Amino acid sequence: MQIVDALKHARRQLSLSDSARIDAESLLCSILRCERSKLYAYPEQVLRDEELDAFNELLVLRAEGHPVAHLTGQKEFWSLDLKVSHDALIPRPETELLVETALALIPEDKQTKLLELGTGTGAISIAIASERNRINITATDLSEKALILAEENASLHLLNNIIFKKADWFTFPDIDRYDLIISNPPYICTNDPHLKRGDVQFEPISALVSGTDGLEDIRIIIQQAQHYLNARGWLLLEHGYNQAAQIRQLLIDNGYTANATVKDYSGIERVSMGQLAN
Ligand code: GLN
């Protein structure tokens, strides 16, 4: 079968997904180990039997709902290819806003110390480290499997200025004071119906859910971060589409100043921050 026909067949098989075409192309590229442009340049190339079998196997899993990133084993974030697995959240495009907001606060010419809580694949720390060579990052996670994945991603991108540590938020040996503390913590409500739909069903619940209002972990982080920030240090958090006002209030209640929220590309309030005054 030629590439063009295999893709046509795949799009029909995935017609329930609203990204059928791009899903099919990504899956075929992962088997052929090629860029998507090759599928258009050589549509008449005939697939070998084993390539077609592997493609069909992935299509069945995709039609069952498995995330494309789990099937290809990788996801692009901040133009970096990252390995992904069932052990960590699949990096989301909107999380690039957290990286962008952090970078605006990190001078290029000054040593900066950053703590990332709940690093998962390592995406946020790796993106920041790739942009600032004078930064020292400590990236933590409760999951040892996630830490192994994150370390692998950091070494794939030849970054040696990130230290990975197992931690339950601020509980880890040799915790220091930092210029920035940053996190994309779990923030979904336990009963949120969207946990039963789409990619999230296949992701670790511990990376997604945080009590009945989704704010259990964010409250802990906001309360405790002030003890580990340098004077004028910043706390930056990603959060859910309807949580910004509550989070700004928590920041005020805990004495942070310069509190602000940034909207993502869909116009949703997505990242909030506060600064330690003195
Ligand atoms: N933004 C993710 C989602 O809605 C959740 C990520 C998180 O809880 N940190 O699927």
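The values are calculated or read from the model by the stated rules, or taken from the named source; none is laboratory data. Model, not experiment: these values are computed from the prediction. Cβ: placed from backbone, ideal geometry, glycine included. Neighbour counts: every protein chain shown.
Worth pointing out:
- Subset of segment 146-193 [within 16 Å of the ligand (Cβ to nearest atom), over 13 Å from Glu116 (Cβ atoms) and either assigned to a strand (DSSP E or B) or over 18 Å from the mean Cα position of the chain (by Cα) (or both)]: Ile188, Cys189, Thr190, Asn191, Asp192, Pro193
- With respect to (1) surrounded by fewer than 17 Cβ atoms within 10 Å (Cβ to Cβ); (2) closer than 20 Å to His86 by Cα; (3) within 16 Å of the ligand (Cβ to nearest atom), the lone exception for Thr212 is condition (2).
- Candidates in segment 260-278 are the residues that are under 20 Å from Glu94 (Cα atoms) and of a type in the set (S, T, N, Q); of these, the one that is surrounded by the most Cβ atoms within 10 Å (Cβ to Cβ) is Ser272.
Let's see how each residue does on (1) surrounded by fewer than 18 Cβ atoms within 10 Å (Cβ to Cβ); (2) of a type in the set (Gly, Ala, Ser):
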{"site": "Leu58", "(1), (2)": "no, no"}
{"site": "Ala63", "(1), (2)": "yes, yes"}
{"site": "Val68", "(1), (2)": "no, no"}
{"site": "Asp81", "(1), (2)": "yes, no"}
{"site": "Leu89", "(1), (2)": "no, no"}
{"site": "Glu96", "(1), (2)": "no, no"}
{"site": "Ala102", "(1), (2)": "no, yes"}
{"site": "Gln111", "(1), (2)": "yes, no"}
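- For Gln201, the criteria (1) in contact (Cβ under 8 Å) with a residue 60 or more places away in the chain; (2) over 30 Å from Ala63 (Cβ atoms); (3) among the polar types (S, T, N, Q); (4) more than 10 Å from the ligand (Cβ to nearest atom) hold in every case but one, which is (2).
- Whenever a residue of segment 257-278 is farther than 13 Å from Leu98 by Cα, its partners that are of a type in the set (Phe, Trp, Tyr) and in a strand (DSSP E or B), lying with C-beta atoms within less than 9 angstrom and at least six residues away or across chains, give the pairs Ala258/Trp234; Gly274/Trp234; Gln275/Trp234; Leu276/Trp234.
- Gln226 being in a helix (DSSP H, G or I), of a type outside the set (Asp, Glu) and either within 16 Å of the ligand (Cβ to nearest atom) or within 19 Å of the chain's Cα centre (by Cα) (or both): no
- On the stretch given as segment 65-78, residues that are modelled with pLDDT of 95 or more, under 17 Å from Ser19 (Cα atoms) and assigned to a loop (DSSP other than H, G, I, E, B) total 2.
- Scanning segment 90-115 for residues that are under 17 Å from Arg134 (Cα atoms) and in contact with a strand residue (DSSP E or B) (Cβ under 8 Å, 6 or more places away or on another chain) turns up Ala102, Leu105, Ile106, Gln111, Thr112, Lys113, Leu114, Leu115.
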